[in-house]
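S.K.: One structure coming up, written as structure tokens, with questions to follow.
All of the numbers you see were taken from the coordinates with simple rules; none came from a lab. Just so you know, these numbers come straight off a predicted model, no measurement behind them. As a convention, Cβ positions derive from the backbone with ideal geometry for all residues, glycine included, and neighbour counts pool all protein chains shown.
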Amino acid sequence: MGEPWWKQAVFYQIYPRSFADSDGDGIGDLAGIRSHLSDLAWLGVDALWISPFYRSPMTDFGYDVSDYCDVDPLFGTLDDFDALLADAHALGLKVIVDWVPNHTSDRHPWFLDALAGRSSAHRNWYVWRDARPDGAPPNNWVAAFDPSAPAWTFDEPSGQWYLHLFEPSQPDLNWDEPAVVDAMHEVLRFWLERGVDGFRADVIHAIGKDPDLPDDPPALFGIPHCALNDVPVTHERLRDIRALVDGYSGDRVIVGEVFLLSTAAVATYYGHDDELHLAFNFPPLFAPWMHHPWSDCIESTYGALDVRSAWPTWVLSNHDNPRHRTRYDFGGSLMGENEATRDRRSEARARAAAVLLMTLRGTPFLYQGEELGLLDAIVTPERRVDPGGRDGCRAPIPWDGTDTHGWPTGAGIEAWLPFPPDSDHRNHADQRRDPGSMLHLYRRLIDLRHRAPALATGGFDLLEITEGVLGYTRTDGDESYAVLVNFTGQEVTTADGSTGEPDHASVSLVGTRVEISSTRPGEGEPFDGLLAADQAVVLRL
């Protein structure tokens with residue numbers, strides 16, 4: 001098709017601690033991932049994004065790195081990674097790995113040396129400042145997770161504060177120091193030369209900081225500075241990173257986490273096709289299951305990115321946010337329903353969301369377990385371990401309906417977090433046996449996306465449909481599909497759609513072939529114009 005592979009790909013995020021365990025310690029590992037690569041190939045995904053597996057004290061479960069070029073023993077060895085990568089490539093799966101360039105662990109040898117004194121070799125590798133005259137932190141920046149916590153920690157022996165946009169155990173690197181730039185570029189080279197297909201760059205927009213470190217405006221006080229940090233020098237650094245990655249064969253990719261409050265601001269991090277290849281699009285993670293928030297989100301995303309010819313991404317869930325089925329279930333609109341009705345409708349919404357995710361113009365990212373329709377686990381206070389309260393969405397994946405759900409835990413050992421609700425039947429093995437399951441719906445959607453250029457890289461136009469129904473077309477040459485998503489809890493009738501163009505051309509829908517239905521009945525038959533509550537369909541025009 002002449003397009004980069006990452007435009008056409010379906011990515012699958014793996015959170016290693018929770019994906020699959022190979023050694024019975026209750027914590028997922030690289031060998032566990034390797035043992036299920038064939039399941040991911042069967043599902044049809046094209047690329048894996050593996051969250052951090054580097055050496056780490058695990059204060060932030062791998063996002064506090066103490067060695068960027070080694071595997072933490074919890075997850076295995078470098079040989080285990082090489083074997084995983086080789087097997088993935090043999091199955092046609094690309095692999096990108098997390099890169100955490102903004103901060104290290106406070107136990108990284110660089111920071112331990114920086115603590116030795118103001119004249120230490122690595123002192124300037126981190127951001128240090130004197131206190132204000134009254135002894136207060138250098139500015140009013142707020143750290144993530146706790147709006148009352150400053151983004152600074154005082155080091156009493158040296159009498160200075162060090163910056164950390166996240167936890168005190170995650171000191172920010174100083175990218176104004178050339179040695180830091182060189183060292184982090186070497187990290188990229190290390191993994192590229194091992195054969196990885198690219199990187200997911202953690203909070204990449206934060207590596208540049210205003211050298212004056214000015215206070216955030218009073219109106220924004222309380223918002224973590226990591227969501228506000230947006231300075232021109234970052235783009236210069238991204239261009240250097242992009243040039244380095246583009247220097248390797250194989251069409252490697254950089255996917256950036258740019259968690260800013262404006263989609264238009266995020267779009268600038270694509271540069272002019274010389275910075276990020278892809279940047280995560282976060283508004284869908286917070287959109288309720290309602291027509292207009294979603295249509296507004298879609299229009300604003302395309303409006304911001306199209307002016308730069310930038311390629312969008314779409315994501316419903318990840319390791320930092322409640323799963324979308326949990327959000328749609330417990331967001332308020334279903335709370336008055338009885339348990340059986342609420343479960344049925346939240347399942348229907350999750351199925352419709354799968355159709356939405358797989359048919360929008362842009363690269364979709366699935367978060368592990370999304371294909372099973374998992375809810376967040378219920379984690380009691382004594383089992384909580386994450387400083388940001390994200391335990392529920394990080395629950396282990398249930399592979400079967402046995403007591404241990406396919407995790408080979410020994411006597412007295414349990415998985416590091418509780419399993420999600422209904423794991424006795426909402427698991428991979430049971431759903432794989434059921435052609436009507438959520439797992440098979442995702443597989444059919446991915447397969448259709450692979451077979452239909454219009455759905456992978458084709459054009460996109462919104463349709464004007466009945467109120468409460470989102471409609472759009474995807475077109476590539478003579479191939480055209482329409483997608484309808486009913487966000488309401490009632491059956492609706494949709495006869496025709498309008499393109500909304502000046503001539504308001506009509507698009508005939510009734511009688512077209514139903515390629516995919518989120519509820520399965522009707523697939524392969526002519527569309528009768530009716531959509532059930534919370535149903536989505538893909539129609540071949």
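S.K.: I want to check the label-to-label distance for Leu261 and Asp215. Put each point 7 Å from Cα in the C-beta direction and report it in nm to one decimal.
M.R.: Here the answer is 1.7 nm between the modelled labels.
S.K.: What residues qualify as long-range amide H neighbours of Thr363, i.e. H under 5 Å apart, gap of 5 or more or another chain, H built at 1.01 Å from N?
M.R.: So Thr363 has HN proximity to Thr313, Trp314.
S.K.: Suppose R0 equals 25 Å. What FRET efficiency, 1/(1 + (r/R0)^6) with r the Cβ-Cβ distance, do Val233 and Arg189 give to the nearest 0.05? Display every interim value, and only then the final one.
M.R.: Working: r = 22 Å, r/R0 = 0.89.
My answer for the efficiency is 0.65.
S.K.: Leu530 to Phe145: extension gain in nm, 0.36 nm per residue of separation minus the Cα-Cα distance? Write out the running numbers ahead of the final one.
M.R.: On the way: separation 385, 0.36 × 385 = 138.60 nm, distance 4.50 nm.
Result: 134.1 nm gained on full extension.
S.K.: Full extension from Thr341 to Ala131: what is 0.36 nm times the residue separation minus their Cα-Cα distance, to one decimal in nm? Before the final figure, lay out the partial values.
M.R.: On the way: separation 210, 0.36 × 210 = 75.60 nm, distance 5.74 nm.
My answer for the length gained is 69.9 nm.
S.K.: Let me ask something else about it. In 20 Å bins starting at zero, report the fraction of Cα pairs in the chain per bin as a rounded %.
M.R.: 21, 54, 23, 2
S.K.: I've got another one for you. So what's the angle, to the nearest 10 degrees on a 0 to 90 scale, between helix 233-246 and the longest Cα principal axis of the chain?
M.R.: That helix lies at roughly 70 degrees to the long axis.
S.K.: Between Asp422 and Asp23, 0.36 nm times their residue separation minus their Cα-Cα distance comes to what?
M.R.: Details: separation 399, 0.36 × 399 = 143.64 nm, distance 2.47 nm.
Between Asp422 and Asp23, full extension yields 141.2 nm more.
S.K.: Where does the chain land at 222 nm, in deg cm²/dmol rounded to the nearest 500, when only DSSP H runs of n ≥ 4 count, each adding -39500 (n - 2.57), divided by all residues?
M.R.: -8000 deg cm²/dmol
S.K.: Okay, moving on. How high is the FRET efficiency between Asp182 and Phe286 when r is their beta carbon distance and R₀ equals 45 Å, given to the nearest 0.05?
M.R.: On the way: r = 38 Å, r/R0 = 0.84.
In this case the efficiency is close to 0.75.
S.K.: Quick one: what do you get for the stretch 459-540 if you divide its Cα Rg by 2.2 N^0.38 Å?
M.R.: 1.01
S.K.: Give me Ser38, Ser300 ranked fewest to most by other Cβ atoms within 10 Å of their Cβ, as a rough exposure proxy. Don't skip to the answer; put the middle values down first.
M.R.: Numbers: Ser38 11, Ser300 15.
Ascending number of Cβ neighbours within 10 Å: Ser38, Ser300.
S.K.: Would you mind computing, in nm to one decimal, how far apart the modelled labels at Thr402 and Glu479 are, each placed 7 Å from Cα along Cα→Cβ?
M.R.: Modelled inter-label distance: 4.2 nm.
S.K.: A follow-up question, please. Working from Cα positions, state the angle (0 to 90°, nearest 10) between the long axis of helix 339-359 and the longest principal axis of the chain.
M.R.: 80 degrees
S.K.: Here is a further query. In debye, nearest 20, what is the charge dipole magnitude of the stretch 444-541 about its Cα centre with +1 on Lys and Arg Cβ and -1 on Asp and Glu Cβ, if you could check?
M.R.: Magnitude of the dipole: close to 400 debye.
S.K.: Return the distance in nm (one decimal) between the two label points of a simple spin-label model at Ala411 and Gln8, each offset 7 Å from Cα along Cα→Cβ.
M.R.: It works out to 5.4 nm between the two label points.
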